[in-house]
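The values are calculated or read from the model by the stated rules, or taken from the named source; none is laboratory data. Because the structure is predicted, anything quoted here is derived from the model rather than measured. Ligands, DNA and RNA are excluded from the accessible area calculation, which covers all protein heavy atoms including side chains. Shrake-Rupley method; radii C 1.70, N 1.55, O 1.52, S 1.80 Å.
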Amino acid sequence: MALKPTIYKLTLALSDLDRGVYESLNLTVARHPSETLERMMVRVVAFCLNAQEGLSFCKGLSDSDEPDLWCHSLDGKLELWVDVGEPAPERIKKAARLASAVKVYCFNHKASTWWELNRVAFAALPNATIYQLQWPDVQALAGLMGRSLDASVTITDGTVYVASEAGECELATSQLQ
């Protein structure tokens, strides 16, 4: 019998000062059985950093043909493809052909090595933007999560501040490309 995803409920008061986005987000996030809590929380951070009408979570780990997040225009055109982790350059090259913009959020302790090994391949993709989050920051964020989370998320100068009853943390995003 296959394991089922774990469902998390998040209520987020988003204030993105960099983009002028202020929203109340009620998110239901399914965590794949093979997904770590840290990876799931990076998907949530990526959602906050890219919040816009039409942005949605995808099958991600369950379907290799879909990203973690995507956004389609009203006419169905794929506008944004967001991957979390350290994807193969071939995957991002394919995504760059399908979407107007591609973003990758790498985050674990191997991210710097992954970047050094793949930076030349990504340089050939002008519509791909690569960001890195620091692993200790991601671990601190995951430590705030229960089966539900009620938090305020403030984004300014590329830094994500999360405050909840369980505590606070700060995640700096570094743009690698």
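Between Leu74, Leu55, Leu25, the Gaussian network model of the chain with springs among Cα atoms under 10 angstrom shows the greatest mean-square fluctuation at Leu74. Ranking of Arg147, Arg43, Arg31 by solvent-accessible surface, largest first: Arg147, Arg31, Arg43 (1.4 Å probe, protein heavy atoms only, all chains present). Sorting Thr159, Thr36 on solvent-accessible area from highest to lowest, probe radius 1.4 Å, gives Thr36, Thr159. Using C-alpha pairs under 8 Å with a sequence gap of at least 6, the mean separation divided by the residue count of the chain gives a relative contact order of 22 percent.
Solvent-accessible surface of the chain, averaged per residue with a 1.4 angstrom probe and all protein chains in place: 51 square angstrom.
By the Kirkwood approach, averaging reciprocal distances over each pair of separate Cα atoms, segment 3-129 gets a hydrodynamic radius of 15.4 Å. For the chain, the longest principal axis of the Cα atoms and the long axis of helix 89-98 meet at an angle of about 90 degrees. Highest mobility in the GNM of the chain, judged by mean-square fluctuation with C-alpha springs under 10 Å and restricted to Ala121, Ala163, Ala95, is found for Ala121.
Straight-line reach from Lys94: taking Cα to Cα under 22 Å and skipping same-chain neighbours fewer than 8 places apart, the lysines in range are Lys59, Lys77, Lys103.
Of the solvent-accessible surface of segment 1-114, computed with a 1.4 Å probe over protein heavy atoms with every protein chain present, carbon and sulfur atoms account for 53 percent. Of all the options Pro126, Pro67, Pro87, the one that moves most in a Gaussian network model of the chain with Cα springs shorter than 10 angstrom is Pro126. Over the C-alpha trace of segment 1-63, radius of gyration and Dmax come out as 12.9, 46 angstrom. For the chain, the share of DSSP beta bridges that are antiparallel, to the nearest 5, is 65%.
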